[in-house]
Amino acid sequence: MRNILIIGAGRSASSLIQYLLKKSEEENLHLTIGDLSLELAQRKTNNHPNATAIQLDINNETQRHAEIQKADIVISMLPAHMHIEVARDCILFKKHMVTASYISDAMQQLDTAAKENNLIFMNEIGLDPGIDHMSAMKVIDEIHEKGGKMILFESFCGGLVAPESDNNLWNYKFTWAPRNVVLAGQGGAAKFIQEGKYKYIPYNKLFRRTEFLLVEGYGKFEGYANRDSLKYRSVYGLDEALTLYRGTIRRVGFSKAWNMFVQLGMTDDTYAMENSETMSFREFTNSFLPYHPTDSVEIKMRMALNIEQDDIMWEKLLELDLFNPNKVIGLKNATPAQILERILNDAWTLQPNDKDMIVMYHKFGYTLNGKEQQIDSKMVCIGDDQTYTAMAKTVGLPVAMATLQILNGNIKTPGVQLPIKKEVYEPILKELEEFGVVFKETAMPYVGYNPDKLVVSV
């Protein structure tokens, strides 16, 4: 049998493992699922005869080497910074490797060695990055093949709560690592290009610069800019494009509300707060407000953020229990961002019967035969339950499919790469449709950023 080693059995591995186990008989596969938690790995195997759960400490070099040597291909579902040791071992033992994470500088440095050993190191093959790359390149390649010239590309993606489980004022629940949500947008200004002009949005302004998006059947959304849209300019073959913008999707109103935390300093991860272990939610909130001998925390908060009496923002803060004197943080030497994450986990964790939702939206502007045209491509995916979420499906399935394509010799190009070649994206996008990941492409009038271009007949 062909042995696939899966390192990491967290939430995003659920659909990945399920897919490969269903394929295991016809494809002659055996899965070794390794995680620091043996119980978690066992739970994911579900007693399947073609799967073995092992406790695997990634820092145990001897054990790591032994398991990688036995594998025909390795899937790393570890946190991004932990892939590199696995990757170096895959070079050493001549094994293909698949991850859903962004290509790090350290990973890119293995490109020559991977090519010399005819190894495929497929990265960025999850949701975002992953399905966004593949679905975008499919349309961009089609436009270029027709002789079209790209002038605009915008891409948005968001993990949200499904409408049937949307029962809080923020219209949001955690579908992915909460820490990444809390720290979103930090680490440098958002960079993009708009109508031929380079644009920059600093973190303190990021959540007040949003675009609106309409998705049929699901209503209105907003998007805020990702940190660096420009790094994919050459990768996508968009050097000639006048607009390149990648963003994150939320329901309308989320960004304005989230900006309150940014302005107060609650998302800061650079220092630890004193006495955080015994601090109450109310004390945490008060820590960011000026001293006043008589004004309550509530009044100070209203004044600091200019929240009027009838402003929905206030109700959103109350819903998070931020002023509760009896709820204790319980985290030692925690940063503001870590404490905020703790508070939000109470309110935004998916419940057992909750469903999540992935929304992806691409805009392609191009010229063909002297005429400006546009294609909008939209995808909505709803999760099954708390385990087999839309996020787990859209991250895990492309990883699983790419792994099988590599094993079967259908993906042939060696080296450290992301899924932008037709040999990768074509079969995977087609198969994803069987699992409800379907893009609806619609021809639109090209407007760009000038609504006056749009002529409405009356």
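Would a scan of the stretch 101-114 turn up a residue that is more than 15 Å from the chain's Cα centre (by Cα), surrounded by fewer than 23 Cβ atoms within 10 Å (Cβ to Cβ), closer than 25 Å to THR248 by Cβ and of a type in the set (Asp, Glu)?
Scanning the stretch 101-114, I find at least one residue that is more than 15 Å from the chain's Cα centre (by Cα), surrounded by fewer than 23 Cβ atoms within 10 Å (Cβ to Cβ), closer than 25 Å to THR248 by Cβ and of a type in the set (Asp, Glu), so the answer is yes.
If I filter the stretch 228-277 down to residues being surrounded by fewer than 17 Cβ atoms within 10 Å (Cβ to Cβ) and outside any loop (DSSP other than H, G, I, E, B), which single residue comes out as farthest from the chain's Cα centre (by Cα)?
GLN263
Would you be able to tell me the number of residues in the stretch 344-372 that are surrounded by fewer than 21 Cβ atoms within 10 Å (Cβ to Cβ), β-branched (Val, Ile, Thr) and closer than 20 Å to ARG251 by Cβ?
So the count comes out to 1.
Yes or no: LEU340 surrounded by 13 or more Cβ atoms within 10 Å (Cβ to Cβ), part of a helix (DSSP H, G or I) and touching a Phe, Trp or Tyr at 6+ places or on another chain (Cβ under 7 Å)?
Criteria met by LEU340.
In a helix (DSSP H, G or I), touching an Asp or Glu at 6+ places or on another chain (Cβ under 8 Å), modelled with pLDDT of 95 or more and surrounded by 14 or more Cβ atoms within 10 Å (Cβ to Cβ) - does that describe any residue in the stretch 48-61?
For the stretch 48-61, residues in a helix (DSSP H, G or I), touching an Asp or Glu at 6+ places or on another chain (Cβ under 8 Å), modelled with pLDDT of 95 or more and surrounded by 14 or more Cβ atoms within 10 Å (Cβ to Cβ): absent.
Return the residues of the stretch 278-298 that are among the polar types (S, T, N, Q) and within 30 Å of the chain's Cα centre (by Cα); say none if nothing qualifies.
Selection gives THR285 alone.
Looking at the stretch 1-41, which of its residues are touching a residue at least 60 places away in the same chain (Cβ under 8 Å), assigned to a helix (DSSP H, G or I) and of a type in the set (A, V, I, L, M)?
ALA13, LEU16, ILE17, LEU20
Say we look at the stretch 128-161 and pick out the residues that are modelled with pLDDT of 95 or more and assigned to a loop (DSSP other than H, G, I, E, B); which of these is surrounded by the most Cβ atoms within 10 Å (Cβ to Cβ)?
Of everything passing the filter in the stretch 128-161, GLY148 is surrounded by the most Cβ atoms within 10 Å (Cβ to Cβ).
The values are calculated or read from the model by the stated rules, or taken from the named source; none is laboratory data. Quantities reported herein were computed from a predicted structural model and do not represent experimental measurements. Positions of Cβ are backbone-derived with ideal geometry, glycine not excepted, and every protein chain shown enters the neighbour counts.
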